[in-house]
Amino acid sequence: MSCAKIDPALHQERKPEWIKVRLPSNPVFFSTKALISDLRLHTVCEEAQCPNRWECWSQGTATFMIAGERCTRACGFCAVTTAKPFALEEDEPQRVAEAVRRMKLKHVVITAVARDDLKDGGAAHFARTIEAVRAADPEIVIEVLTPDFHAKEECLQIIAAARPHVFNHNLETVERLTPMVRSRAKYKVSLQVLKRMKEIGPKMATKSGIMLGLGETETEIFQAMDDLREAGVQALTMGQYLRPSKQHLPVIAYIHPDLFKFYGEMGYKKGFDHVASGPLVRSSYHAADYHPVIR
């Protein structure tokens with residue numbers, strides 16, 4: 001399926017009443033924004049235009065995006081800039097650790113743009129950041145949300161050796177829509193990555209996420225859930241796709257909160273330890289609510 005085959009008449013420009021974004025009012029939000037700016041850090045909250053950034057920042061939490069703000073891929077859903085990346089900043093891991101220390105976090109999420117320009121896809125940079133954060137606070141729960149690294153074994157081994165508590169890699173959509181939504185990624189490769197990480201890092205919990213509203217069917221959603229469970233994934237997030245700009249894929253449908261609730265219940269029935277399902281749910285939304293169960 002290509003972008004050209006989408007019927008523009010199906011695109012709903014007017015968002016339903018349940019898609020509401022709360023504007024910032026808590027002073028903690030502004031102090032967090034100032035701290036991130038002071039330490040020259042990027043957050044996926046801003047770069048990906050997350051609808052929950054006001055809420056999360058007001059609670060003094062954030063998801064740090066390392067390895068720059070330029071991505072080597074051009075996914076049809078993502079607001080992060082696609083361009084030739086700059087060189088890695090060697091002191092970035094220490095700056096992330098300092099932000100974690102100042103914010104007194106108990107659960108941190110570390111993500112990154114895809115860095116296909118690097119031999120290891122940025123895996124070693126992830127590992128250095130994990131190590132720096134753990135050195136700053138040995139008790140903190142560390143979650144990583146990584147690209148697929150093209151399923152290269154040496155890259156996955158680097159991440160596993162750094163021992164994050166939660167390994168998150170998003171499936172993003174159902175198999176049929178993957179070529180359209182993630183043009184340089186493959187559905188089965190993502191499943192391979194999740195399964196392999198569980199094999200080489202059995203003490204890590206695994207997590208993945210799916211966007212709804214891109215034209216997937218209910219049967220396809222349930223199949224994606226089954227595929228994730230087959231790969232050993234323990235935690236699942238499901239949220240509404242929101243179009244960042246007119247250059248991105250259109251929204252085919254806005255999923256009602258009651259249907260999200262039903263999908264969440266189905267996720268538990270299929271065996272996930274934790275399911276977060278709702279219109280504004282994102283990969284790292286209320287990430288600390290998930291307490292990993294290590295099998």
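No value in this document is a laboratory result; all are computed from the given coordinates. Treat the numbers as computed from the prediction; the structure is a model and nothing was measured. When we count neighbours, we look across all protein chains shown, and the Cβ atoms used for this are built from the backbone with ideal geometry, even at glycine.
Pairs of Cα atoms nearer than 8 Å and 6+ residues apart set the relative contact order; for the stretch 80-158 it is 39 percent.
What share of Cα pairs, in percent, lie more than 19 angstrom apart in the stretch 63-134? When all Cα pairs of the stretch 63-134 are counted, 35 percent exceed 19 Å. Between Lys188 and His150, how many nm apart are label points set 7 Å from Cα along the C-beta direction? Output for this residue pair reads 1.8 nm.
Go through the stretch 71-138 and name the chymotrypsin sites (Phe, Trp or Tyr not before Pro) that are in a DSSP coil and have 14 or fewer other Cβ atoms within 10 Å of their Cβ.
Working: sites: Phe77, Phe86, Phe126; in loops: Phe77, Phe86.
Here the sparse-neighbourhood loop sites are Phe86.
Our coupling estimate for the stretch 165-177, obtained by passing each phi through the Karplus curve with A = 6.51, B = -1.76, C = 1.60 and θ = phi - 60°, is 6, 10, 9, 10, 9, 7, 6, 6, 7, 6, 4, 4, 8 Hz, Gly and Pro reported as x. In sequence order, the stretch 218-231 has phi-based couplings of 4, 4, 5, 4, 5, 5, 4, 4, 4, 5, 5, 5, 4, 7 Hz under the Karplus curve 6.51 cos²θ - 1.76 cosθ + 1.60, θ = phi - 60°, and Gly or Pro positions carry x.
For a straight C-alpha distance cut-off of 16 angstrom, the lysines reachable from Lys84 (same-chain residues fewer than eight places away being disregarded) are Lys119. Under the combined filter of DSSP loop state and at most 12 neighbouring Cβ atoms within 10 Å, the stretch 103-162 retains these GluC sites (Glu not before Pro): Glu139. Placing a pseudo-label 7 Å from each Cα along the Cα-to-Cβ vector at Ala124 and Glu199 gives an inter-label distance of 2.5 nm.
Within the stretch 163-261, how many lysine pairs that are 8 or more places apart, or on different chains, have C-alpha atoms less than 24 Å apart? Number of lysine pairs found: 10. Remark: Cys155, Cys75 ranked as Cys75, Cys155, counting other beta-carbon atoms within 10 Å and listing the fewest first.
In a DSSP loop and with at most 15 other Cβ atoms within 10 Å, the trypsin sites (Lys or Arg not before Pro) in the stretch 103-141 are Lys104, Lys106, Lys119.
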